[in-house]
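What follows is calculated from the coordinates using simple rules that are stated; it is not laboratory data. Remember, predicted model here, so these are calculated numbers, not experimental data. Heads up, the Cβs are rebuilt from the backbone with ideal geometry, glycines too, and the neighbour counts pull from every protein chain shown.
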Amino acid sequence: MTQALAPLYGLVLAGGASRRMGQDKAALALHGRPQLDWACDTLARHCERVFVSIRADQQDDPVRRGRPVILDVHDGAGPIAGIAAAQAAHPDCAWLVLACDLPFVDDAAIGHLVGHRDGRSVVAYASSHDGLPEPLCAIYEPASRAGVLAAIASGRNCPRKFIVGTGVALLRQPDPAALDNVNTPEELQRARGHLGGPATP
């Protein structure tokens, strides 16, 4: 008998400082609206509920205000802190995690992940660039929670290395460019050109 899958919630990671970009990546308008709004709506088509992962000092930010949020509980731990906080808030749910700086992700990429939930603790793509896991567009099942906490407790805050340590088989990306991120002004310019938006900030 096949075990029932846990409910699937979405988590948009929007707690970063955007130092390399020089402006808030969650507020970038790459699809005609803030990237955070676009990411939340993308996950909402695949998840029962969607939350935004933020730092405590971002609660009054106008881009994030009004959305269900989950506050980071491990200061300085990076994206894995958001994952841990979400798992603590709803430990019986699986979390489809998406960084807010992935403007090329589409429903096909998300749906492919969701369709491969099969009991493995993490469902993730292999990077089309280096073959390593793509941890910020991935599904973390409840079974991954203990490992996430253990990684943080030991100072191993890299979610990519965490997934490597699980030994799970990785998926091949349907579109090799779907998980390309936008971290710098130069990458922003290229993304706007690719998406058909204006070439100026």
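Quick notes on this structure:
- Sorted into 10 angstrom bins from 0, the C-alpha pair distances of the stretch 80-138 split as 20, 53, 26, 1 percent.
- Virtual spin-label span in nm between residue 164 and residue 45, 7 Å along Cα→Cβ: 3.3 nm
- Exposure proxy ranking, count of Cβ atoms within 10 Å, fewest first, for 42, 166: 166, 42
- Per-residue Cβ neighbour counts within 10 Å put 128, 144 in the sequence 128, 144, beginning with the fewest.
- Other residues whose C-beta falls under 14 angstrom from the C-beta of residue 150 contribute a net charge of +3, scoring Lys and Arg +1 and Asp and Glu -1.
- As a proxy for reagent exposure, 116, 46 were ordered by neighbouring Cβ count within 10 angstrom, fewest first; the result is 116, 46.
- Helical content alone sets the calculated 222 nm signal of the chain at -8500 deg cm²/dmol, taking -39,500 (n - 2.57) per DSSP H segment of four or more residues and averaging over every residue.
- DSSP beta bridges confined to the chain are antiparallel in about 40 percent of cases.
- The P(r) of the stretch 8-195 has a tail past 26 Å containing 24 percent of all C-alpha pairs.
- Under a model in which nothing but the beta-carbon of Lys, Arg (+1) and Asp, Glu (-1) is charged, the stretch 8-195 shows a dipole of about 200 debye around its Cα centre.
- Relative contact order %, the stretch 21-172, counting alpha carbon pairs below 8 Å whose residues are six or more apart: 21 percent
- Net lengthening on full extension, residue 195/residue 29 (0.36 nm per residue, minus Cα-Cα): 58.7 nm
- Taking a ≥ b ≥ c as the square roots of the eigenvalues of the alpha carbon gyration tensor, the stretch 1-111 is oblate, as a/c is not under 1.5 and a/b does not beat b/c.
- Which of 115, 90, 8, positive extreme of dipole for the chain (C-beta unit charges): 90
- Charge dipole (the chain, unit charges on Cβ, about Cα centre) - positive-most of 195, 142, 68: 142
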